[in-house]
Amino acid sequence: MKLRFFWPKRKSIIFTWLLSYSAVLFVPMLMSILIYSQSSHALKSEIHRANDSLLKQVRYTIDTQFDLMKRLNMEITWNAKLQSLMYSNMRTNDDQYLAFQLVKEFRMYQTSYATIDEFYVTWDQEASILRPGNMRDLHTAFDTIHNTGTIRYEQWLDTIHQATNNQFLILPRVDAGPSASSIAYVTHLPKDLNGKQTGTVVVMADRERFEKAIESISGFSGGQIVILNHDNQVLLSNVPVTLNKNLILEQLQDEDNVTYKPSQDGESELFYIQSAVSDLKYVLIIPSRIYWEKAEYVRKFTYISILISLFGAAVLTWFFLRRNYSPIQRLVQSISDKNAFEERADGNELHFIQKVISHTRNEKDQIALQLQSHHHVLRSNMLNRLLKGRIDSLISYEEAFKTFHMDLISNHFAVILFAVENSDSISTNLPGMDINERRKLMQFIITNVVEELVGHRQHAGYVAEIDDMMVCLVNFAETDAAERKLDLDWIAAEAQRFLTRFHMDLTISISGVHPSLVGVAEAYSEALDAMEYKMVRGKREIITYDEIRIDTADKLQLGYYYPLQVEQQIINLIKTGDIEQASASMNEIMGRNFDKPLVSLTLARCLIFNLVGTMVKAMNELGDGTTQPWLGDNPLWMDKIIACDTILEMQQELQLLLREVCAFAASKIEANQTKERTETLRELIAKVMQYIEEHYQDANLNVNTIGENFALRGSYVSKLFKDQTGEGLLDYITKYRIQQAKKMISYKQDSISEIARLVGYNEVATFIRVFKKYEGITPGKYKEMN
């Protein structure tokens, strides 16, 4: 019965844990055999390595001091003054002065090498010692430096003269502390040309400096340190050498090694290592009992640990098994439902939890992917609402920026608009992509390029698409106003230049700088106004709002120049088919209106369509009173002009239209008149115009006087004049007089009555009435305006 109950639950986690814990109980038993066999050897090897490492540390410390001694010895040996003193034939006074300079220079060495306790040079020629700051005879120097009672004067001389070159040895030193001895590095100077000994360089460091390093390792291991020189003399030892010196020397080999030899205390272990900077040897002697004491302790500790582990594991296995299974059981119950329990065919709780978590994570990943796919759209929508001034009452824009990981680094903002002028041609260069894909690709390129350029100037830029244009909201860093404008100009210029690599022609508009998020909508409106101004400036330009902003003072400079008489002149020129004069007059009108620092877009559109109306009027006056035959042949001419984005494009279309209309008018005139008659009439009309220009000041000038001058009737001359020019002869005389009067008013200081007399009017009232009829204002008002 129990087997039937437990068998279906054999895959439960509780049985897996029980088997795992039981297997763990046997691991200490198996490991104990290995620990017993390997602990002694491993411990001994580790102690060997530890002592060898410490011995190397001592070698490094002592070698550093020895290296300083050798370096100082080398600097003294090759000192230029010392070389001159030892090997130059100078007078005695010169030698003494050079020696004086040399001992002064030794003081600098003494300062540079603070760890060197004493150094001097024997000057054999003068039987003297050269020390830092002074020069002494040999006896005085011996008493000052070495006379501690352990060595005689003669022994000292023999030691330094007979010592091997570059040798370390022990010399007593008066100021060496308790040890009263120092380690000396002795180097003989080269002999002179006669083969005589010149001197010896001796550099000393107190033994107390080296004993500190030795004490650190001997205190750890309980052994002793011995330092031997090239002649195997003991330079330094922390305790008296208990092992036979000769026995130590027999074990020294050519490289680092470890050997074992009996000593008075029993078996010992000897470590040997060669100095890295000299011929010294470092020997470490450790009693073997130290190893076995530690090994025995480890073995006993290992046995006790195994017993405690076995007992504790057996007791705690069941306790923790129940304790650990309870949370899993409750977790399974909390995350499962009836259907889920029916699906748990294997009975393993962890597998069930894994499936539930995997399912939950898959759902979370799907939700994250959906949010990621909508992230760009949501961000663009937020920027769209911000730019258009739609304040969201549910959540502030500051919180919205944080949600989309958009940092606000200051309260100063500006807007840059980008309009792609050649999107159709770009589409043809990207075959195999539909319209939406091409549009997304262009948006992606512009977004990355512009945001990177803004970031290059340490500002923050956020790009979105609004109304078929790309908009960049620039959040400035803390800079001054002038620098912000320069940065905006640089960003626009670099973006326009760089995106030409992708065959994009951009028109860019820049708003002003506004404080706070509330001013973003106004900045966007300014950028739109600047973008509309491309109608005047043309495409592929960078237009800033500051350039096109119209202040109250600037509005006085705005004007609209297209008087009726000029329009009538253009109509007459069109009717006569004079394309050159008509084109020149039309260009003059557009130049006077558009060649200004500021141009009203409304007035600009109005002028363009008035010029179109002028051509329609001209066609109506060509004789039959209708334009339907010509318009029927050109049904889309008005649509072409309306479709133009800029004034320049409109001007080009107007010029094409003007040429066609003038050609139509010329053909109509030529159809009614022969070429000879036309030329004769043109010459006659030209002479009439010239006569008027020469006699316009005559008050009696009229149609009859002109006809008498050309032997023709006045009415006939007037008819010919109107047929050729489309204007009555009397009207032409009056307009010419008014034109001359306007010039006189502008450039002369004469009175209105005097100007009236000069242009052929005896009565000033008549002149004023005619002037107002044609100009719309009185001469006096015109004079005030000019």
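The values are calculated or read from the model by the stated rules, or taken from the named source; none is laboratory data. All values reported here derive from a predicted model rather than from experimental measurement. Glycine gets a Cβ as well: all are built from the backbone with ideal geometry, and neighbour counts include every protein chain shown.
Within segment 409-425, residues that are more than 23 Å from Asn475 (Cα to Cα) sit with their Cβ atoms under 6 Å from residues that are crowded, with 18+ Cβ neighbours inside 10 Å and of a type outside the set (S, T, N, Q), at 6+ positions apart or across chains, in these pairs: Val420/Met504. Would you kindly identify the helices (runs of 4 or more DSSP H) lying entirely within segment 680-781 that contain at least 2 residues that are outside the structural domain of Pro563 (by TED's automatic domain parsing) and buried (at least 19 other Cβ atoms within 10 Å of the Cβ)? Output list reads 714-725, 729-747, 752-758, 764-775. Kindly indicate whether any position in segment 125-142 is in the same structural domain as Gln233 (by TED's automatic domain parsing), surrounded by 13 or more Cβ atoms within 10 Å (Cβ to Cβ), over 29 Å from Met90 (Cα atoms) and modelled with pLDDT of 85 or more. No, segment 125-142 has no match at all. Here segment 174-189 is the region considered, the condition is being small (Gly, Ala, Ser) and at pLDDT 85 or above, and the residue that is surrounded by the most Cβ atoms within 10 Å (Cβ to Cβ) is Ser182. Within segment 446-459, the residues that satisfy the criterion of being in contact with a helix residue (DSSP H, G or I) (Cβ under 7 Å, 6 or more places away or on another chain) and either outside any helix (DSSP H, G or I) or surrounded by fewer than 16 Cβ atoms within 10 Å (Cβ to Cβ) (or both) are Arg457, His459. Report yes if Ala99 is without any contact (Cβ under 8 Å) to a residue 40 or more places away in the chain and under 58 Å from the mean Cα position of the chain (by Cα), otherwise no. It is false that Ala99 is without any contact (Cβ under 8 Å) to a residue 40 or more places away in the chain and under 58 Å from the mean Cα position of the chain (by Cα).
So, Leu171, is that one crowded, with 16+ Cβ neighbours inside 10 Å, in contact with a His (Cβ under 8 Å, 6 or more places away or on another chain) and not in a helix (DSSP H, G or I) or not? Spelling it out, Leu171 is indeed crowded, with 16+ Cβ neighbours inside 10 Å, in contact with a His (Cβ under 8 Å, 6 or more places away or on another chain) and not in a helix (DSSP H, G or I).
Which ones in segment 443-456 are at pLDDT 85 or above and not aromatic (Phe, Trp, Tyr)?
Answer for segment 443-456, where residues must be at pLDDT 85 or above and not aromatic (Phe, Trp, Tyr): Ile445, Ile446, Thr447, Asn448, Val449, Val450, Glu451, Glu452, Leu453, Val454, Gly455, His456.
Please find, among Lys191, Lys212, Lys196, the residue that is in a helix (DSSP H, G or I) and more than 20 Å from Gly149 (Cβ to Cβ).
Working: Lys191 fails: in a helix (DSSP H, G or I); Lys196 fails: in a helix (DSSP H, G or I).
Lys212 is the lone residue from the list that is in a helix (DSSP H, G or I) and more than 20 Å from Gly149 (Cβ to Cβ).
Restricting Tyr109, Tyr153, Tyr60, Tyr120 to residues that are at pLDDT 85 or above and within 58 Å of the chain's Cα centre (by Cα) narrows the list to Tyr109.
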